[in-house]
Every structure is written in structure tokens, then in C-alpha cells.
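**Student:** I'd like to ask some things about the structure below.
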Amino acid sequence: MYPQKFDYFCPDTLEGVIELLTRYGEDARVLAGGQSLIPLMKLRLASPKYLIDLDKLQDLSGISEQRNEVSIGALTRHAEIEESELVQSKLPLLHDAVTVVADVQVRNLGTLAGSLAHADPAGDLAPALLALGARINTVSSSGKATLGMGELMVDAWSTSLGGDQVITEILVPIPPQGSGGAYLKFERRAGDFAVASIGVQLTLDQKGNCGDIVIAMGAVGVTALRAEKAEALLSNQPISDDLLKEAASAASAECDPFSDIRGSVEYKRHLIGVLLRRAVEVALRRAAGEKVKTVHG
Amino acid sequence: MKQLIQVKINGRIYREEVEPRMLLSFFLREQVGLTGTHVGCVVGECGACSVLLEGRLVKSCLVLAVRTDQKKITTVEGLAREGTLHPIQEAFVEHYALQCGFCTSGMVLAGHSLLTRNPDAGEEEIRQKLAGNLCMCTGYTQIVKAVGSAAKAYKK
Ligand SMILES: Cc1cc2nc3c(=O)[nH]c(=O)nc-3n(C[C@H](O)[C@H](O)[C@H](O)COP(=O)(O)OP(=O)(O)OC[C@H]3O[C@@H](n4cnc5c(N)ncnc54)[C@H](O)[C@@H]3O)c2cc1C
Ligand code: FES
Ligand code: FES
């Protein structure tokens, strides 16, 4: 099983990458970790004539804290995010998500920007970054741009990125003190894509009630989705079992899953409700300062 | 158009011409002649083709050989020293951790990679970190035992 023939370039600079993308237009694709693009090329679902490897752009890799944000270079591998103490301590929701992406081998090569650009509806990192309110920095022949996750995501396997637009950096705001987050994924077997997943980031107010809350759902729509009705029910409220049940039903109703080999529409709606309740519980405990390990289905 | 690459495989330098679409798994087996790396699914699902690239476990069917220019690769053939099996290989023999042997080179390297990073890995972590490697003979219990028992050899 081989990809169709292509010409291969491995430029030393980002300018070099943009120049090649501008020159070859639709016929060119960039290669990051290759963990999604190479399988697509082998199955001939993608057959770029020109493949432009980002491997030498090591400036685009690495994790650092900048004021109240964590900056993650586009080419940062999943494994580096998993091993980062900064991510573990400041962004537990993202850490939960990255540790359940595929398996060790895929995490050793796959990159954060590659995941976002590939836009698999069942991917784990888009819902995580949506819940965290991340912004995406890009460069193209017409200059730099910053996109919110909502602006980046368009459809299944489709983003708003232009043909010569390259993701360079992902900026994740560090949640304030008293905030807690969790990402839970339900998978059929270890290493598979999600049947459904949930990311929750919430902040406790002075009275210990839920303050602001963001809920993102994965694998139950063409892109990651916010559970806005559930958020409205829970925000600025004391969390009770009854309220959580109500929010879970709201999320089950507002998600938009399709039926496939991983499950029926009804099953996925049900799962979203269950995952929502579990994720809110973990987020609340973490917000109160407890160290909680997430257990995935 | 073929491109010249220089790769260090198991400590030896190879200079080879490859077509850009050549996958590392086939490059190793057919061009370099190292057939210890097995090819199962070719789509990144089974882990049989696992090798170490710059010390990290990867599936060689998901890597283009041209990308490994100037890089270091370890295959299962690189573990034994002068005819003496590596402790992780000994552990697989001792625990009968292979049946048909098809998944074995990938399993051995996955175990080796895990223990190199964390010689204190317990059963749960071993199971998690080996999840990318499938054994069609389903001999997982013995494989997990073998990796666990090899751990002592990795502690300084
Ligand atoms: C067996 C297997 C299981 C998997 N399971 C999961 C899972 O459970 N959850 C999950 O989330 N993912 C999973 N993945 C996907 C994995 O996370 C990939 O790493 C990821 O989707 C793509 O990242 P990459 O760096 O490998 O990108 P590539 O494959 O190199 O590229 C993917 C796409 O993104 C484009 N691209 C790459 N980088 C950029 C950039 N900087 N700017 C603009 N466009 C860019 C490419 O042109 C291409 O179209 C799995 C993959 C495999 C093989
Ligand atoms: S042959 Fe590479 S993962 Fe199966
Ligand atoms: S021993 Fe046969 S596939 Fe694992």
C-alpha cells in the first residue's frame, strides 16, 4: 500500500514553506507528524503532488508560559504535551485529553496543529481546546492571523485555513485560581477514536457554587460543539444532583451525533449525558484543589 | 525522483536512494534487508512495524523513509549484543511471551521503550503503554508478565 507519487520538500524556514505552498496551490500539502496524512495518502483519499515537510521548523515546537497563557508550538508532539509539567499543573483538561489520543507510537509523532488541521470529528484535541478557549496563530502569504476555535472549525475534516495558511502556535489561557477542568472520553477499545467525549472547565464562586462554565462535546457533531444549554443551566448555580441531571438531558438533546460503527445516535446522546455528569464532578473536585485522576470508559 | 538519505540503523550508517513515497517499514525490510520489523496492517493500527526513531517508539508504516535522513533508528535486530539476547528478549523467551511471533518484534521494542523511560512501570502502565501493539494470538498475559519481569534489568 503506497501513496501516489509526489515530490518531497523539506524547507529550513517557514518562509520557504509558504513560498512552496503559494507556488503549488491546491496540489501541495504540508506534512507534520504524518499520523493522519500518511494513512490518507496510502488509502488514496489524499494525493498531493507536492508534499512539504515541516520537520526542520524546530522553532515551531515547544511549550512555554507567557503571562497568563500557555504557548504551544504548532509542531509540538502529543507526547511532549503529555510529559509537560506545565500542562499537567496548569491545564489538566488538556493533559487528560492528550493522554487518551491513540497510543504511544502515534503520540510520539502526531502534533497539536496537525490534529486541528485534520479536523477529525472524533478527535480529542479540538473539544479540549474549545473548552479552554484556545486561540490559533497562523501565517500565510498575506500575513499573520489569529483564529478562535469557533472560527477554525468548519465541518468534518474541514477548517477555514487557506491553502497557504500554516498554523504556527496555539495559545491556551491559563484558567484562574479556583477553576477546575476535566476531559473524559468513552472509547470502544484502547487507542480508538472517541464514541463521545466531553471537556468541562468551570470556576467556583466565593460561595462554592459553580460560576462560569464551558462545556465542549466531541464526536457528536461534524465538529466539536459547545453545550450551550447545559452551560446556561449550570452557570452561577449551586450544583445539585437534580440540576446535573437536567444539564445532562439538555446536552444529550443539543448534541448532534451521527450513527456509525461506534454507536447509534441514541447511544451517543445517552453517553454525552453520562460523561457530562462525570466530568462536572471531576472538575468540581479539581476546582476545590483535589488531585483527581480521570478514568476513561 | 529518488532522494539520497543517510540513516544510522542499529549503529551502522546506510546511504541509500529512496523514492519519497517509500515507507520506512518497507525501506527497512526490502531495501536494507532487516526483516525483523514486521508489517501487519500497514495503516497504523497493529504496531507490528514499531521501531525506535531518535529513541522514540513509532510505527514505521506511518513514516516516510525520506524523513529519516540524518536520523537514528533502532530495530529489533539492534537489541542483541554479539549473539547475546537483550534482557527484554530473554524475558520474552522465559515467559513464553510469543506464539506465532508476528507481533513480537513490535512488542519487544514497545516494552523496551517503556522500561527505558520508566523502569518502575507497574502492570497497569505496561498494559496502557503496550495498547498500540496488537497480538493476534492474544497472548497478552504472558507479554505483560515478560515486560514486568524485564524491568529489573533497566534499573541502575
Ligand atoms: C491509529 C491511530 C489512532 C488515532 N487515534 C486518535 C484519537 O484517539 N484521538 C485523536 O485526537 N487523534 C487520533 N489520531 C490522529 C492523531 O492525533 C494525529 O496525530 C493527528 O490527527 C494529526 O497530526 P499530525 O501531526 O500527524 O498531522 P499530519 O498527518 O502530518 O497532517 C494532518 C493534516 O493537517 C495538515 N497540517 C499539519 N500541520 C499543519 C500546520 N501546522 N498548519 C496547517 N495544516 C497542517 C496536513 O496538511 C494534513 O492535512 C489517531 C491516528 C492514528 C494513526
Ligand atoms: S503495520 Fe504498521 S501499524 Fe500495522
Ligand atoms: S504471537 Fe502471534 S500475533 Fe502475537
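**Student:** When region A:169-189 is examined, which residues are found to be open to solvent by 20 Å² or more (accessible area, probe 1.4 Å) and either within 16 Å of ligand 1 (Cβ to nearest atom) or touching a Gly at 6+ places or on another chain (Cβ under 7 Å) (or both)?
**Tutor:** Passing the criteria: A:E169, A:P173, A:P175, A:F186, A:E187, A:R188, A:R189.
**Student:** Here's another thing I want to ask about it. Counting only residues that are crowded, with 23+ Cβ neighbours inside 10 Å, give me the strands (runs of 3 or more DSSP E) lying completely in region A:52-156 with at least 1 of them.
**Tutor:** By residue number, A:69-73, A:135-140, A:153-155.
**Student:** Also: Report, by residue number, each residue of region B:57-88 that is within 14 Å of ligand 1 (Cβ to nearest atom) and among the basic types (K, R).
**Tutor:** Once the filter is applied, which keeps residues that are within 14 Å of ligand 1 (Cβ to nearest atom) and among the basic types (K, R), region B:57-88 yields B:K59, B:R67.
Conditions tested, residue by residue: (1) among the polar types (S, T, N, Q); (2) on the phi > 0 side of the Ramachandran plot; (3) open to solvent by less than 10 Å² (accessible area, probe 1.4 Å); (4) touching a residue at least 24 places away in the same chain (Cβ under 8 Å).
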site: B:R81; (1), (2), (3), (4): no, no, no, no
site: B:I88; (1), (2), (3), (4): no, no, yes, yes
site: B:Y96; (1), (2), (3), (4): no, yes, no, yes
site: B:H112; (1), (2), (3), (4): no, no, no, yes
site: B:E123; (1), (2), (3), (4): no, no, no, yes
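**Student:** One residue is enough: does region B:132-146 have a residue meeting the conditions without any contact (Cβ under 8 Å) to a residue 24 or more places away in the chain, within 16 Å of ligand 2 (Cβ to nearest atom) and either open to solvent by 10 Å² or more (accessible area, probe 1.4 Å) or among the small types (G, A, S) (or both)?
**Tutor:** No - not one qualifying residue is present in region B:132-146.
**Student:** I need a count of the residues in region B:16-52 that are in contact (Cβ under 8 Å) with a residue 24 or more places away in the chain and over 20 Å from A:Y8 (Cα atoms).
**Tutor:** Here the count works out to 13.
**Student:** Right, next: In region B:5-15, how many are touching a residue at least 24 places away in the same chain (Cβ under 8 Å) and not in a loop (DSSP other than H, G, I, E, B)?
**Tutor:** Qualifying residue count for the region: 5.
**Student:** Anything in region B:41-60 that is within 16 Å of ligand 3 (Cβ to nearest atom) and open to solvent by 10 Å² or more (accessible area, probe 1.4 Å)? List them, or say none.
**Tutor:** The answer is B:C41, B:V42, B:E45, B:C46.
**Student:** On to the next question. More than 16 Å from A:D120 (Cα to Cα) and in contact (Cβ under 8 Å) with a residue 12 or more places away in the chain: does that describe A:T168? Walk me through how you get there before you give the answer.
**Tutor:** On the way: more than 16 Å from A:D120 (Cα to Cα): yes; in contact (Cβ under 8 Å) with a residue 12 or more places away in the chain: yes.
So A:T168 fits the description; yes.
**Student:** Only residues in region A:11-39 that are closer than 16 Å to A:E169 by Cα count as the first member; pair them with residues that are among the hydroxyl-bearing types (S, T, Y) and in a loop (DSSP other than H, G, I, E, B), Cβ under 6 angstrom, at least 6 apart or cross-chain, and list the lot.
**Tutor:** Every condition considered, the pairs that remain are A:I18/A:S141.
**Student:** Another question, then. Against the condition touching a residue at least 40 places away in the same chain (Cβ under 8 Å), closer than 30 Å to A:L51 by Cα and more than 11 Å from every other protein chain (Cβ to nearest Cβ), how does B:T68 come out, does it pass?
**Tutor:** On the way: touching a residue at least 40 places away in the same chain (Cβ under 8 Å): yes; closer than 30 Å to A:L51 by Cα: yes; more than 11 Å from every other protein chain (Cβ to nearest Cβ): no.
In short, no.
**Student:** While we're looking at this one, here's another question. Do you know which residues across region A:245-277 are surrounded by fewer than 21 Cβ atoms within 10 Å (Cβ to Cβ), part of a helix (DSSP H, G or I) and in contact (Cβ under 8 Å) with a residue 12 or more places away in the chain?
**Tutor:** Correct list: A:K245, A:E246, A:S249, A:A253, A:E254, A:Y267, A:R269, A:H270, A:V274, A:R277.
**Student:** Kindly evaluate B:A65 against the criterion of being crowded, with 17+ Cβ neighbours inside 10 Å, away from ligand 3 (no atom under 16 Å from the Cβ) and within 25 Å of A:L40 (Cα to Cα).
**Tutor:** When the stated conditions are applied, B:A65 passes them.
**Student:** Which condition number does B:C100 fail, the rest of (1) more than 14 Å from chain A (Cβ to nearest Cβ); (2) within 27 Å of B:R117 (Cα to Cα); (3) not aromatic (F, W, Y) being met?
**Tutor:** Against the list (1) more than 14 Å from chain A (Cβ to nearest Cβ); (2) within 27 Å of B:R117 (Cα to Cα); (3) not aromatic (F, W, Y), B:C100 comes up short only on (2).
The values are calculated or read from the model by the stated rules, or taken from the named source; none is laboratory data. The structure presented is a predicted model; accordingly, all values stated were derived computationally and were not measured. Don't worry about glycine lacking a Cβ; one is built from the backbone with ideal geometry, like all the others, and counts go over all protein chains shown. Keep in mind that these areas ignore ligands, DNA and RNA; they rest on the heavy atoms of the full protein, side chains included. Shrake-Rupley method; radii C 1.70, N 1.55, O 1.52, S 1.80 Å.
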